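Colleague: Pasting in a structure now, in structure tokens, and then I'll have a few things to ask.
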């Protein structure tokens, strides 16, 4: 069974996004941290997220030249939303069912890699 792994960057005072959305562009990450995060992201078989994260990250990563852009754009993505009508970020699908049931289905899929989760406000424990 696949694992769900949450990777979340947060400031010491609890912020997970910058003043205008994405939290990138502040202080440069140490090279060792960036290598570690890129390694973890590249291991993900699916990136799961909610609508708000999807709508913020999709446009950003599609035009970014940062090292994270490649894996963020290439990894299949599942966005959980009952209101999103269309998934326009390549390699994306929309899951409209019960969150726990949808994640349980994803975890049972035959894949050697983990699921990477993203949360803007708070992680959802599944």
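The values are calculated or read from the model by the stated rules, or taken from the named source; none is laboratory data. All values reported here derive from a predicted model rather than from experimental measurement. For neighbour counting, all protein chains shown are included, and Cβ atoms are generated from backbone atoms with ideal geometry for every residue, glycine included.
Colleague: Would you be able to say whether some residue in the range 113-122 is within 16 Å of the chain's Cα centre (by Cα), at pLDDT 85 or above, surrounded by fewer than 17 Cβ atoms within 10 Å (Cβ to Cβ) and not in a helix (DSSP H, G or I)?
Modeller: Scanning the range 113-122, I find no residue that is within 16 Å of the chain's Cα centre (by Cα), at pLDDT 85 or above, surrounded by fewer than 17 Cβ atoms within 10 Å (Cβ to Cβ) and not in a helix (DSSP H, G or I), so the answer is no.
Colleague: Out of contact with any strand residue (DSSP E or B) (no Cβ under 9 Å at 6 or more places or on another chain), over 19 Å from residue 4 (Cβ atoms) and either outside any loop (DSSP other than H, G, I, E, B) or modelled with pLDDT under 90 (or both): which single residue out of 56, 32 fits that description?
Modeller: 32
Colleague: Are any residues in the range 59-79 touching a residue at least 12 places away in the same chain (Cβ under 8 Å), part of a helix (DSSP H, G or I) and in contact with a helix residue (DSSP H, G or I) (Cβ under 6 Å, 6 or more places away or on another chain), and if so, which ones?
Modeller: Within the range 59-79, 61, 71, 72, 73 qualify.
Colleague: Among the numbered criteria (1) modelled with pLDDT of 90 or more; (2) surrounded by fewer than 16 Cβ atoms within 10 Å (Cβ to Cβ); (3) part of a loop (DSSP other than H, G, I, E, B); (4) under 15 Å from the mean Cα position of the chain (by Cα), which single criterion is violated by residue 82?
Modeller: Only one criterion in (1) modelled with pLDDT of 90 or more; (2) surrounded by fewer than 16 Cβ atoms within 10 Å (Cβ to Cβ); (3) part of a loop (DSSP other than H, G, I, E, B); (4) under 15 Å from the mean Cα position of the chain (by Cα) is unmet by residue 82, namely (4).
Colleague: If residue 63 passes every condition in (1) exposed (fewer than 14 other Cβ atoms within 10 Å of the Cβ); (2) within 12 Å of the chain's Cα centre (by Cα); (3) modelled with pLDDT of 75 or more but one, which one does it miss?
Modeller: (2)
Colleague: Continuing with the same structure: Failed condition for residue 16, given (1) in a helix (DSSP H, G or I); (2) modelled with pLDDT under 90, with all others met?
Modeller: Unmet for residue 16, out of (1) in a helix (DSSP H, G or I); (2) modelled with pLDDT under 90: (1).
Colleague: Any residue in the range 28-43 that is in contact (Cβ under 8 Å) with a residue 40 or more places away in the chain and at negative phi sitting within a Cβ distance under 6 Å of a residue that is surrounded by 13 or more Cβ atoms within 10 Å (Cβ to Cβ) and part of a helix (DSSP H, G or I)? List the pairs, counting only those 6 or more apart or interchain.
Modeller: Sorted first by the residue in the range 28-43, then by its partner, the pairs are 41/71.
Colleague: Given the criteria at negative phi, modelled with pLDDT of 85 or more, touching a helix residue (DSSP H, G or I) at 6+ places or on another chain (Cβ under 9 Å) and loosely packed, with under 12 Cβ neighbours inside 10 Å, does residue 90 qualify?
Modeller: Yes, satisfied.
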